[in-house]
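**Q** For reference, the structure I am asking about is given below.
The values are calculated or read from the model by the stated rules, or taken from the named source; none is laboratory data. The shown structure was predicted, so the numbers you read here are calculated from the model rather than taken from an experiment. Every residue, glycine as well, gets a Cβ built from its backbone with ideal geometry; the counts of neighbours run over all protein chains shown.
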Amino acid sequence: MIESGLFVIVDGVEQSGLMNWMIGQLTFVDFNNYGVFTTVTIILSNIVSNVPAILLLKFFLPSHDPSLWWTRMALFTTVAGNLTITDSFANLIVVETAKRNGIQIGFFDYFKVGFPLTVIITIVGFFLL
């Protein structure tokens, strides 16, 4: 339910012209810079979830070598879901299922693994792409 609400919000941002305004306000951000793009992708994916992040970030994709930039966005929006329990609905499903089976996985228990995993995969993916 929450994710479908995010789709409505993202569509509203696009339809209202707010997205065009945001693009105009973010001209100081160099989305052609791979490090900047990666960082923004991971941060935005953690704020609004990965699918709405993709719907917003598609406006900022550099025009050169589009297949590479789409691949980068796919990788880093997916990797961002590993950071915390709340970053992915799959994580929440696993934690809730474990809870029903008597296993508690706390936010910081997950974060101790999720944070380094996200950093390592991001660094490897950054250099492989």
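**Q** May I ask you to list pairs of residues, at least six apart or on different chains, whose Cβ atoms are under 8 Å apart, with the first in the range 105-124 being under 11 Å from residue 83 (Cβ atoms) and the second being among the charged types (D, E, K, R)?
**A** 114/87
**Q** Test of understanding: among 83, 92, which residue is crowded, with 17+ Cβ neighbours inside 10 Å and at pLDDT below 95?
**A** 83
**Q** Considering only residues that are surrounded by 19 or more Cβ atoms within 10 Å (Cβ to Cβ) and polar (S, T, N, Q), which ones fall in the range 47-80?
**A** Those that are surrounded by 19 or more Cβ atoms within 10 Å (Cβ to Cβ) and polar (S, T, N, Q): 49, 50, 77.
**Q** Scan the helices (runs of 4 or more DSSP H) fully inside the range 1-65 and keep the ones with 3 or more residues being touching a residue at least 60 places away in the same chain (Cβ under 8 Å).
**A** Qualifying helices (runs of 4 or more DSSP H): 34-48.
**Q** Residue under question is residue 128, and the condition is that it be surrounded by 11 or more Cβ atoms within 10 Å (Cβ to Cβ) and either modelled with pLDDT under 95 or charged (D, E, K, R) (or both); does it hold?
**A** In short, no.
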